[in-house]
């Protein structure tokens, strides 16, 4: 992870979670200050854990992470998320978010905190935790009393995380330079006003000229979610309006769809657009960045617009436990791999002409 310079008086970024133990009298002020300050950065995600009650915490946390990182999708998500964090991990690995801030970490059991720690390490992201030292949240489902749960969380933070003073944490974010300083935030009312067909589409800022206006829109979305100017539901409605707008190009519509929670459909679409027979490719046939596929001994370049979707599909299959010789086309919940009767390695098929459907991506 690229680490910005450490301001005077602040701590360097730590290899593990950075935790601030906050006095309850100062928590509200600190949260307001941090949400405004961190909202200047589009590489950060602010997570407020939703209550999970008697349910397992991981499915709820999975949905919270996806919403916070801007992966709100174009349709309402399932009420219950995945029983793992592999989907948000995939988006973090191939996305711009490098900082995850949990503002009410004391409500999470230590098993969930450990999962978050592992997710941040695998995604090369920095995990920030805010813990109210006087909070005694509900401990339903943990088998502990409220006091025992609170003590368990503090013990976990003391032994696992890098403790910092809340003032140092606020100072670090206040003096950090945004990665895209000339990208202005969307007005808060924009996220809550329907985008009519007569209204013009927002254009890309100077920082996202090469990435395109969809990348600029998603960057502003993450910032609005951090500051609280937008909710996932309102953001989903605006992205849907954007997708249905008559001035939206086919490429922009595809990018918006591919930025959702469905990893399989955009990834498979990227394969089909690269070559008609590409659905038979294995994990070994696709590099980590999705830049090309190897089919029948030939390397076929993948169009740059389709590389992120293909890379996410490959990573999701790898995280699901698939081996290099197993097919890349599949879902998290599917049984990985070919039937046991199929030997390792790519499927044999006769050589033939390989039409190149897209030109190589510009260097």
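Readers should treat all values here as calculations from the given coordinates under stated rules, not as data from a laboratory. What you see is a predicted model; the values in this text were computed from it and never measured. Backbone-built Cβ (ideal geometry, glycine too); neighbour counts: all protein chains shown.
The modelled label-to-label distance between residue 154 and residue 211, using points 7 Å beyond Cα along the C-beta direction, is 4.1 nm.
Compute the distance from the alpha-carbon center of segment 70-90 to that of segment 238-269, in whole Å. Cα centroid of segment 70-90 versus Cα centroid of segment 238-269: 16 Å apart.
Provide the FRET efficiency to the nearest 0.05 for the residue 114-residue 279 pair, computing r from the beta carbons and using R0 = 41 Å.
Details: r = 37 Å, r/R0 = 0.90.
Computed FRET efficiency for residue 114 and residue 279: 0.65.
Kirkwood Rh over alpha-carbon pairs of segment 176-323, then Stokes-Einstein at 37 °C and 0.692 mPa s: what D in µm² s⁻¹, rounded to an integer? The Stokes-Einstein estimate is 193 µm²/s.
Would you please put 286-296, 266-276 in order of how densely packed they are, using the mean number of other Cβ atoms within 10 angstrom per residue and starting with the highest? Don't skip to the end; give the middle numbers.
Numbers: 286-296: 18.3, 266-276: 20.3.
Peptide ranking by packing, descending: 266-276, 286-296.
Compared with the alpha-carbon gap, the fully stretched path from residue 177 to residue 29 is longer by 51.1 nm at 0.36 nm per residue. Each 10 Å bin from zero up to the one holding the largest Cα-Cα distance in segment 264-319 carries the following percent of pairs: 28, 64, 7.
Here the calculated FRET efficiency for residue 168 and residue 198, from their Cβ-Cβ distance with R0 = 51 Å, stands at 0.55, rounded to the nearest 0.05. Scattering from segment 140-241 was approximated by placing one identical point on each alpha carbon and applying the Debye formula without solvent; log10 I(q)/I(0) at 0.10, 0.14, 0.24 1/Å stands at -0.51, -0.76, -1.25. Centroid-to-centroid, using Cα positions, segment 116-181 and segment 192-230 are 30 Å apart.
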